[in-house]
Amino acid sequence: MNGTAFKVSELIGKAAEKLKNISETPRLDAEILLAKALGTNRFGLFTKYNEEAGDKAAELFASFLERRMNFEPVAYITNEKEFFEDTFFVDSRVLIPRPESEFIVEKAADLLKNTEKADVLDICCGSGCIGLSIKRAGGCRLTLSDISENALEVAKINAARLFPASTDISFVQSDLFSNISGKFDIITANPPYLSEKDMKNFVVKELEFEPENAFFGGKTGFEITEKILYSVHNFLKSGGYFITELGFEGSNFINKNYDGIELTEIIKDYSGINRAALFRKV
Ligand SMILES: C[S@@+](CC[C@H](N)C(=O)[O-])C[C@H]1O[C@@H](n2cnc3c(N)ncnc32)[C@H](O)[C@@H]1O
């Protein structure tokens, strides 16, 4: 593609046409990728709409487009994803943050609004998006933990970028609570929750780029969540809360009798879908 021959608007139009075959958001994908190639954001892109892109940016854009046509998610190509109030670094070591996980952040921020300096643990932290966004909203001492060393490396990158001067964020490599000590005011989790059936039905081409251990939650999809529910009370302060994201049928599996915690709310999204569950230490 010779960039000097094409205006920004033309490059977007041609790319969106191509991307129609593989993406549900072809124009948006094209805009984000071209903005990245031009070293700007989508707003900046619109101010250049009638300008020529230039050879260097057009070549870079063509390479991004090729990767996208091969189903690689936009966020892995640009290495960034917006979540809550920040932009997070992401690569194939971590799940790409999903907007539905923001319900956990909102609930935690609400619970913490009158607490001076809470202790928060985000297990299954991946990129760190949930825990770091809670810190952004409320200010807290934060522990981020994940079974994957690779994921923790990415969480460390995000912590250093978003809170460069912070000394109260710690990282623990842990199979659920196995290496966790201490007690917390709030524990959050977005554990893997796809069932065997979901893995067959929903793991489409794009998801194949994301780490499998971020998705598979056991035969019913609820096995990992259930393990957490049986032991989380040991790590909550008196009156503390646990918030977990739920899979498609997650709320059907919740049994009311976990040791030391009680279900206080099923959190729904704007379309009324059960997205998360809130438990309180009793
Ligand atoms: C659905 S992803 C969530 C990532 C991130 N919290 C987010 O919302 O984008 C699940 C994460 O759980 C981690 N994980 C899987 N099994 C685990 C286990 N047994 N103990 C701790 N973390 C685990 C994976 O490495 C992955 O980072």
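The values are calculated or read from the model by the stated rules, or taken from the named source; none is laboratory data. As the structure is a prediction and not an experimental result, all values here were calculated from the model. Note that we place each Cβ from the backbone using ideal geometry, even for glycine, and neighbour counts take in every protein chain shown.
Condition check for Leu121 on (1) within 17 Å of the chain's Cα centre (by Cα); (2) surrounded by fewer than 18 Cβ atoms within 10 Å (Cβ to Cβ); (3) at pLDDT 95 or above: one failure, at (2).
Put simply, of Arg42, Arg27 the only residue that is of a type outside the set (Phe, Trp, Tyr) and more than 22 Å from the chain's Cα centre (by Cα) is Arg27. With respect to Asp55, is the statement that it is closer than 20 Å to Cys124 by Cα, in contact with a helix residue (DSSP H, G or I) (Cβ under 7 Å, 6 or more places away or on another chain) and surrounded by fewer than 18 Cβ atoms within 10 Å (Cβ to Cβ) true? Considered against the rule, which asks whether it is closer than 20 Å to Cys124 by Cα, in contact with a helix residue (DSSP H, G or I) (Cβ under 7 Å, 6 or more places away or on another chain) and surrounded by fewer than 18 Cβ atoms within 10 Å (Cβ to Cβ), Asp55 comes out as no.
To keep it simple, each residue is scored yes or no on (1) assigned to a helix (DSSP H, G or I); (2) surrounded by 16 or more Cβ atoms within 10 Å (Cβ to Cβ).
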residue: Ser178; (1), (2): no, no
residue: Pro191; (1), (2): no, yes
residue: Leu207; (1), (2): yes, yes
residue: Gly240; (1), (2): no, yes
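The set of residues from the stretch 1-27 being assigned to a helix (DSSP H, G or I) and in contact (Cβ under 8 Å) with a residue 40 or more places away in the chain comprises Gly3, Thr4, Ala5, Val8, Ser9, Leu11, Ala15, Lys18, Leu19. Within the stretch 216-228, residues that are over 17 Å from Ala277 (Cα atoms) reach partners that are of a type outside the set (Ser, Thr, Tyr) with beta carbons closer than 7 Å, at six or more positions or on different chains, in the pairs Phe216/Pro192; Phe216/Leu194; Phe216/Met199; Gly218/Ile224; Lys219/Glu196; Thr220/Phe253.
Every listed requirement among (1) among the hydroxyl-bearing types (Ser, Thr, Tyr); (2) surrounded by fewer than 16 Cβ atoms within 10 Å (Cβ to Cβ); (3) within 15 Å of the ligand (Cβ to nearest atom) is met by Thr264 save one, (3). Among the residues of the stretch 129-149, the one identified as in contact with a helix residue (DSSP H, G or I) (Cβ under 6 Å, 6 or more places away or on another chain), outside any helix (DSSP H, G or I) and more than 10 Å from the ligand (Cβ to nearest atom) is Leu142.
Consider Lys227 carefully, then state whether it is away from the ligand (no atom under 13 Å from the Cβ) and of a type in the set (Lys, Arg). Spelling it out, it is not the case that Lys227 is away from the ligand (no atom under 13 Å from the Cβ) and of a type in the set (Lys, Arg). When you scan the stretch 150-164, do you find a residue that is surrounded by fewer than 18 Cβ atoms within 10 Å (Cβ to Cβ), at pLDDT 95 or above and within 13 Å of the ligand (Cβ to nearest atom), even just one? Yes, there is a match, as at least one residue in the stretch 150-164 is surrounded by fewer than 18 Cβ atoms within 10 Å (Cβ to Cβ), at pLDDT 95 or above and within 13 Å of the ligand (Cβ to nearest atom). Flag: Arg280 does not match the condition of being under 30 Å from Leu19 (Cβ atoms) and in a strand (DSSP E or B). Restricting attention to the stretch 145-168, the residues that are among the aliphatic types (A, V, I, L, M) and under 21 Å from Val232 (Cβ atoms) add up to 4.
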